[in-house]
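*Asks:* Can you keep this structure in mind? I'll have questions shortly.
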Amino acid sequence: MQLYADYHTHTLYSHGTGSIRANIEVAIEKGLKEIAISDHGPASRSIGRLGVRDSATLLEVKKEVDKYDRLYPEIKVLAGVEANIISIDGKLDVPEFILKELDKVLVGFHLFIKPASFRDGVEIILNNVIVDKLKINQEQIRYRNTEILINVLNNYDIDIITHPGYRVDIDTKTLAKVAVERGVVLEINSSHGYMTEEYIRMAVEEGAKFTLGSDAHSPEKVGAVEAAMLVAQKVGLTAEDIINVC
Ligand SMILES: [Zn+2]
Ligand SMILES: [Zn+2]
């Protein structure tokens with residue numbers, strides 16, 4: 001199997017270290033035919049800002065992406081986002097009218113975010129960062145996390161869920177089932193160590209499709225999906241199961 005697209009790359013617009021152009025040039029060097037620029041939505045933060053300045057910035061990204069798409073005919077350049085879940089009823093940090101302008105909508109269940117309200121913060125951040133790690137209410141938290149993700153899938157048209165299960169416990173079988181119904185692809189993320197063979201097998205049983213994502217935060221990491229490819233091959237996935245390999 002050979003990678004032909006990387007849909008998960010970050011740039012200076014969020015907390016990546018390189019420009020859009022630098023990501024594209026590495027993708028071309030590595031023989032990719034498609035690349036998406038998918039910076040973090042505006043709710044990403046730790047002490048400082050991690051995501052794009054505001055949602056409108058994604059439209060600036062799109063303009064730049066379109067310019068490079070014309071400039072580099074050898075590769076298709078897509079404008080995307082890795083949006084954050086900011087409420088338990090499944091709201092994202094990017095409004096729908098902006099999502100509609102983008103070519104790829106990725107959603108990541110992140111814990112370093114500014115939640116929509118205090119209660120959302122308790123259920124999304126506190127439960128996963130502290131309560132779950134103390135091994136309290138784990139079943140309940142897993143159920144709740146899964147429910148939140150499913151709310152997102154029902155609220156928006158999404159292409160990819162990034163690193164499902166990373167730092168946030170979910171019921172993979174249930175999520176995969178809904179993802180299949182909604183035509184959403186699950187990512188096997190190459191940067192975060194979290195992607196067990198067991199999770200992939202469970203999702204395959206439900207008929208899930210996958211994408212291999214580099215989650216590059218620097219240009220040289222674009223297209224670097226070796227770890228994801230390895231686990232995909234161990235499980236016996238083929239190009240039929242993975243949308244960005246041939
Ligand atoms: Zn992420
Ligand atoms: Zn990412």
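The values are calculated or read from the model by the stated rules, or taken from the named source; none is laboratory data. Predicted, not measured: the structure shown is a model, and the values here were computed from it. With ideal geometry, Cβ positions are generated from the backbone for all residues, glycine too; neighbour counts draw on all protein chains shown. The accessibility values were calculated without ligands, DNA or RNA, using every heavy atom of the protein model including side chains. Shrake-Rupley method; radii C 1.70, N 1.55, O 1.52, S 1.80 Å.
*Asks:* Which residue pairs have Cβ atoms under 9 Å apart, sit 6 or more places apart or on different chains, and have a first residue in region 169-186 that is among the acidic types (Asp, Glu) and a second that is buried (at least 16 other Cβ atoms within 10 Å of the Cβ) and at pLDDT 95 or above?
*Replies:* What qualifies is Asp169/Asn145; Asp169/Thr146; Asp171/Asn145; Asp171/Thr146; Glu181/Leu153.
*Asks:* On to the next question. Whether any residue in region 65-81 is aliphatic (A, V, I, L, M), within 16 Å of ligand 1 (Cβ to nearest atom), open to solvent by less than 40 Å² (accessible area, probe 1.4 Å) and under 17 Å from the mean Cα position of the chain (by Cα) is what I want to check.
*Replies:* The answer is yes; a qualifying residue exists.
*Asks:* Here are Leu149, Leu126: which of them is in a helix (DSSP H, G or I) and surrounded by 19 or more Cβ atoms within 10 Å (Cβ to Cβ)?
*Replies:* So the residue among Leu149, Leu126 that is in a helix (DSSP H, G or I) and surrounded by 19 or more Cβ atoms within 10 Å (Cβ to Cβ) is Leu149.
*Asks:* Now a separate question. When you check Arg167 against the structure, is it closer than 30 Å to Glu34 by Cα, open to solvent by 60 Å² or more (accessible area, probe 1.4 Å) and within 16 Å of ligand 2 (Cβ to nearest atom), yes or no?
*Replies:* Spelling it out, Arg167 is indeed closer than 30 Å to Glu34 by Cα, open to solvent by 60 Å² or more (accessible area, probe 1.4 Å) and within 16 Å of ligand 2 (Cβ to nearest atom).
*Asks:* Could you tell me which of the residues Leu212, Leu186, Leu237 is open to solvent by less than 20 Å² (accessible area, probe 1.4 Å), closer than 25 Å to Glu34 by Cα and touching a Pro at 6+ places or on another chain (Cβ under 6 Å)? If you could, list the steps in order and put the result at the bottom.
*Replies:* On the way: Leu212 fails: touching a Pro at 6+ places or on another chain (Cβ under 6 Å); Leu237 fails: touching a Pro at 6+ places or on another chain (Cβ under 6 Å).
Only one candidate qualifies: Leu186.
*Asks:* Shifting gears a bit: Based on this model, can you work out whether Ile158 counts as surrounded by 19 or more Cβ atoms within 10 Å (Cβ to Cβ), at pLDDT below 95, closer than 27 Å to Phe112 by Cα and aliphatic (A, V, I, L, M)?
*Replies:* Here the answer is no, as Ile158 does not meet what is asked.
*Asks:* Return a yes/no flag: does region 143-164 have any residue that is more than 30 Å from Ala27 (Cβ to Cβ) and in contact with a Phe, Trp or Tyr (Cβ under 9 Å, 6 or more places away or on another chain).
*Replies:* Pass one, region 143-164, residues more than 30 Å from Ala27 (Cβ to Cβ): 143-148, 150-151, 154-155.
Within this subset, residues satisfying the condition of being in contact with a Phe, Trp or Tyr (Cβ under 9 Å, 6 or more places away or on another chain) are 145, 148.
Yes: one or more hits.
*Asks:* Could you identify the single residue in Ala179, Ala227, Ala203 that is open to solvent by 10 Å² or more (accessible area, probe 1.4 Å), small (Gly, Ala, Ser) and not in a loop (DSSP other than H, G, I, E, B)?
*Replies:* Details: Ala179 fails: open to solvent by 10 Å² or more (accessible area, probe 1.4 Å); Ala203 fails: open to solvent by 10 Å² or more (accessible area, probe 1.4 Å).
Result of the check over Ala179, Ala227, Ala203: Ala227.
*Asks:* Within region 165-172, is even one residue touching a Ser or Thr at 6+ places or on another chain (Cβ under 7 Å) and not in a loop (DSSP other than H, G, I, E, B)?
*Replies:* Scanning region 165-172, I find no residue that is touching a Ser or Thr at 6+ places or on another chain (Cβ under 7 Å) and not in a loop (DSSP other than H, G, I, E, B), so the answer is no.
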